[in-house]
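Novice: Quick one: the structure is below, and I'll ask about it shortly.
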Amino acid sequence: MAGFTQERLGTLNAAYARCIDNDEVEAWPAFFEERCLYVVNTAENHAAGMEAGVIYADSRAMLQDRVSALRDANVYERHRYRHIVGLPFVLGIQDGEASVETPFLVVRIMRDGATEVFASGRYLDRVVEGADGQLRFAQRLAICDSRNIDTLLAIPL
Amino acid sequence: MSSSDTQEPRTWEPGLTRVPYWLYRDQAIHDAEQRRVFQGPTWNYLCLEAEIAEPGAYRTTFVGDMPVIVARDEDGELQAFENRCAHRGALIALDDGGKTRDFACVYHAWRYDLQGNLRGVAFQQGVNGKGGMPADFRMEDHHPRKLRTASVAGMVFGSLDEDVPPIEEYLGDEILERIERVLCKPVEVIGRFKQTIPNNWKLYMENVKDSYHASLLHVFFTTFNINRLSQKGGVIVSETGAHHVSYSKVSHQPQPNAEYSAEKLRSDKEGYALADPSMLDGCDEFGDGVTLQILSVFPGFVLAQIQNTLAVRQILPDGLDRTVLNWTYLGFQDDTPELRRMRLKQSNLTGPAGFVSMEDGAVGGFVQRGIAASRDREAVLEMGGGGIETQENRTTEASVRGFWNAYRGYMEI
């Protein structure tokens, strides 16, 4: 086991951001364990122990359903994200699982060119190494600094 | 250029089947709405009783543009008053909520009790015998505007109008029953979100009341072949049209071979199904088979039950072409861990990222932008006729017309 080095965690995050921002979200669920937790919530709710997210998925299959809905069901004006992901900070490692906190900034680029900061926050992750040697998220909570969501949130953070 | 070239058109023929677009982009209308609708003889949602359960607990909220403090006083009574210091107009409370014995304006430390009465003026007698307020200054003559408050099924409403009817009368029995159907026991807040949408507030309220658009704009259920064959539902419109309930009884079970392609919606993919349908394993917790109930109270409140997700929405205008939605997601205090988990999973259906609601965040903006050059043109609202009566089907715009009937009444327009 190569361990949860800064380099490996940084690469994991770089690949994750690249997947979403390059519009390859079909590959997004593969960053997660089959049993996982992905939630988009606010810092206020999280601090208060309020668990309801605007997105809440407890399986990789639910993430696949998010992607399918994004592609085939939901209606929204064309837009893209640009993730800027900061340095992962390892909070601790226990039982082969790293607790990691990583800041993010997501810029949203609309069809008409309007470009604005859509979300900032931190990922609260539990990262594990699979049998294939790949790091994956057992948990990724996208905790947004702001309580506000402009218009809608279609593409995952 | 004649004077008629510079006059903005502001005409609206009697009736409810046409809505002129200038209504959504007019500063004079916005200002009149504040006075006649939000501060008029209406009831506005303020917060939940559960959020101010203890004496001294308060929340800051809004009635239209007006910042408001709602508090529970020492006697356990609900109090609400404008969040504006009677001295220079600064906000009295700066936090979203908390617990306090009194409120002190940060600007000059004028102090208010939990009823909004002025209780202290800093240096009222001056310093060293100099300065201070005139001898005839009476604190009783100065206080922020106070609201009447009323509680319905644990929700706190407020009104600026002295002559507003009692809330039970304002809502009517049918609406009241449908509120009590959902909020039937003590609730717990499980999340709060704010969503800012790029359109006039009335476009959002119309969208909420528009049962016609539901299966056309929101195609999540049909795309994934989650059946709606047993769909029964209808629309209840209150007497003046101000409030509404849209409901349906749908068995949302995956039906891979459902005959749904006949509607030729954007959906109809053969064999398309959810990879993880566990989100739909909800239970009939109210025991009546109603899986969707959207309820609105004029002017800006929504209570929604979508399967096991429960949420209230406060709708606030933010200028002419922006609207703030304050979402509060709820569970019951006696939720089993399994039911709570189901609510969390089903929260995917609703809200700013909801599978069956995210479009509502954007569609109002599509109208707002579409009508940019059409002040003098009109929207058409003829689906289901021209009336505002309760109907046992949802392909109707009756409750949208109801909104306009109530609006015209309050606005005298």
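The values are calculated or read from the model by the stated rules, or taken from the named source; none is laboratory data. Predicted, not measured: the structure shown is a model, and the values here were computed from it. Glycine also receives a Cβ, built like all others from the backbone with ideal geometry; neighbour counts cover every protein chain displayed. Side chains are part of the model used for accessible areas, which takes the heavy atoms of the whole protein and leaves out ligands, DNA and RNA. Shrake-Rupley method; radii C 1.70, N 1.55, O 1.52, S 1.80 Å.
Novice: When Rg is the radius of gyration of the Cα atoms in chain A and Rh is its Kirkwood radius, what does Rg/Rh come to?
Specialist: In chain A, Rg relative to Rh is 0.95.
Novice: Okay, next question. Based solely on C-alpha atoms, express the radius of gyration and the Dmax of the stretch A:1-56 in angstrom.
Specialist: Using the Cα atoms of the stretch A:1-56, the pair Rg, Dmax is 14.0, 37 Å.
Novice: Report the calculated FRET efficiency for B:ASP334 and B:ARG18 (r = Cβ-Cβ distance, R0 = 56 Å), to the nearest 0.05.
Specialist: 0.70
Novice: Here is a further query. Which whole-number percentage describes the relative contact order of the stretch B:1-72, with Cα contacts under 8 Å and a sequence gap of 6 or more?
Specialist: Numbers: 54 pairs, mean separation 13.7, N = 72.
After rounding, I find 19 percent.
Novice: For the stretch B:99-199, which GluC sites (Glu not before Pro) are in a loop by DSSP, counting at most 11 other Cβ atoms within 10 Å?
Specialist: Sparse-neighbourhood loop GluC sites (Glu not before Pro): B:GLU162.
Novice: So, one more: Rolling a 1.4 Å sphere over the protein heavy atoms, what is the accessible area per residue of chain B, to the nearest Å²?
Specialist: I get 43 Å² per residue for chain B.
Novice: Work from the charge dipole of the protein assembly as shown (Cβ charges, +1 for Lys and Arg, -1 for Asp and Glu, about the Cα centre) and give the residue of B:TYR204, B:ASN308, A:ALA142 farthest towards its positive end.
Specialist: Projecting each Cα onto the dipole axis, the largest value belongs to A:ALA142.
Novice: Then there's this: Give me the log10 of I(q) over I(0) for the protein assembly as shown at q = 0.06, 0.07, 0.10 Å⁻¹, as the Debye formula computes it from C-alpha points; what are the numbers?
Specialist: -0.34, -0.46, -0.91
Novice: Taking a ≥ b ≥ c as the square roots of the Cα gyration tensor eigenvalues, with a/c under 1.5 meaning rounded and otherwise prolate when a/b beats b/c, else oblate, which class fits the stretch B:41-95? Intermediate values should be presented prior to the final figure.
Specialist: On the way: a/c = 1.96, a/b = 1.31, b/c = 1.50.
Oblate is the answer for the stretch B:41-95, as a/c is 1.5 or above yet b/c matches or exceeds a/b.
Novice: Over 31 Å between C-alpha atoms is what I'm after, so list which of B:LYS99/B:LYS202; B:LYS99/B:LYS185; B:LYS99/B:LYS209; B:LYS146/B:LYS345 land there.
Specialist: Too far apart for the 31 Å limit: B:LYS99/B:LYS202; B:LYS99/B:LYS209; B:LYS146/B:LYS345.
Novice: When a/c is below 1.5 the answer is rounded, else prolate if a/b is larger than b/c, else oblate, so apply that to the stretch B:179-238 with a ≥ b ≥ c taken from the square roots of the Cα gyration tensor eigenvalues.
Specialist: On the way: a/c = 1.45, a/b = 1.14, b/c = 1.27.
Rounded is the answer for the stretch B:179-238, as its axis ratio a/c remains below 1.5.
Novice: Suppose every K and R has +1 on its Cβ and every D and E has -1 on its Cβ; what is the size of the dipole of the protein assembly as shown about the Cα centre, in Debye to the nearest 20? Intermediate results must be reported in sequence, preceding the final value.
Specialist: Working: 59 positive and 81 negative charges, 234 e Å.
Dipole magnitude for the protein assembly as shown comes out near 1120 debye.
Novice: Mind running the shape call on the stretch B:1-139? Use the C-alpha gyration tensor, a ≥ b ≥ c as the square roots of the eigenvalues: rounded below 1.5 for a/c, prolate if a/b tops b/c, oblate otherwise.
Specialist: oblate
Novice: Moving on. Rg to Rh ratio, chain B, alpha-carbon atoms and Kirkwood radius?
Specialist: Here the Rg-to-Rh quotient is 1.02.
Novice: Of all trypsin sites (Lys or Arg not before Pro) in the stretch B:1-63, which ones are in loop regions per DSSP and have a Cβ with at most 14 other Cβ atoms within 10 Å? Write out the running numbers ahead of the final one.
Specialist: On the way: sites: B:ARG10, B:ARG18, B:ARG25, B:ARG35, B:ARG36, B:ARG59; in loops: B:ARG10, B:ARG25.
In loop regions of the stretch B:1-63 (DSSP not H, G, I, E or B), the sparsely surrounded trypsin sites (Lys or Arg not before Pro) are B:ARG10.
Novice: Can you give the average number of partner chain beta-carbon atoms within 10 Å of each beta-carbon in peptide B:207-217, as a whole number?
Specialist: 0
Novice: Out of the chymotrypsin sites (Phe, Trp or Tyr not before Pro) in the stretch B:21-130, which ones are loop residues according to DSSP with at most 15 other C-beta atoms within 10 Å?
Specialist: B:TYR107, B:PHE123
Novice: Give me the accessible area buried between chains A and B, both sides summed, with a 1.4 Å probe, in Å² rounded to the nearest 100.
Specialist: Looking at A and B, the buried total is near 3300 Å².
Novice: Using +1 at the Cβ of each Lys and Arg and -1 at the Cβ of each Asp and Glu in the stretch B:14-69, identify which of B:TYR24, B:PRO55, B:PRO41 lies farthest towards the dipole's positive end.
Specialist: Towards the positive end, the residue furthest out is B:TYR24.
Novice: Same structure, new question: Hey, any idea what % of the protein assembly as shown's accessible area is carbon plus sulfur with a 1.4 Å probe?
Specialist: Exposed carbon and sulfur together represent 48 percent of the surface.
Novice: Right, next: How high is the relative contact order of chain B, in percent, with contacts defined as C-alpha pairs under 8 Å that are six or more residues apart? Intermediate values should be presented prior to the final figure.
Specialist: Numbers: 858 pairs, mean separation 84.4, N = 413.
Once divided by the residue count of chain B, the mean separation gives 20 percent.
Novice: Explain nothing, just the number: relative contact order of the stretch B:288-394, from Cα pairs under 8 Å at least 6 residues apart, as a whole percent.
Specialist: Relative contact order comes out at 14 percent.
Novice: Starting from the Cα-Cα distance between B:ASP73 and B:LEU91, subtract it from 0.36 nm times their residue separation and give me the gain in nm to one decimal. Walk me through the numbers on the way to the answer.
Specialist: Numbers: separation 18, 0.36 × 18 = 6.48 nm, distance 1.95 nm.
4.5 nm is the gain from fully extending B:ASP73 to B:LEU91.
Novice: Assuming a viscosity of 1.567 mPa s and a temperature of 4 °C, what translational diffusion coefficient in µm² per second does Stokes-Einstein assign to the stretch B:111-198, Rh being the Kirkwood radius over Cα pairs? Write down the numbers at each step before the final one.
Specialist: Details: Rh = 17.6 Å.
Estimated diffusion coefficient is 74 µm²/s.
Novice: Further question on the same structure: If R₀ is 30 angstrom, what is the calculated FRET efficiency for the pair B:ARG35 and A:ASP145, using the beta carbon separation as r and rounding to 0.05?
Specialist: Taking R0 as 30 Å, the efficiency between B:ARG35 and A:ASP145 is 0.25.
Novice: What FRET efficiency comes out for the pair A:LEU87/B:ASP318, r = Cβ-Cβ distance, R0 = 30 Å, nearest 0.05? Spell out each step's value before the answer.
Specialist: Working: r = 36 Å, r/R0 = 1.21.
Computed FRET efficiency for A:LEU87 and B:ASP318 comes out at 0.25.
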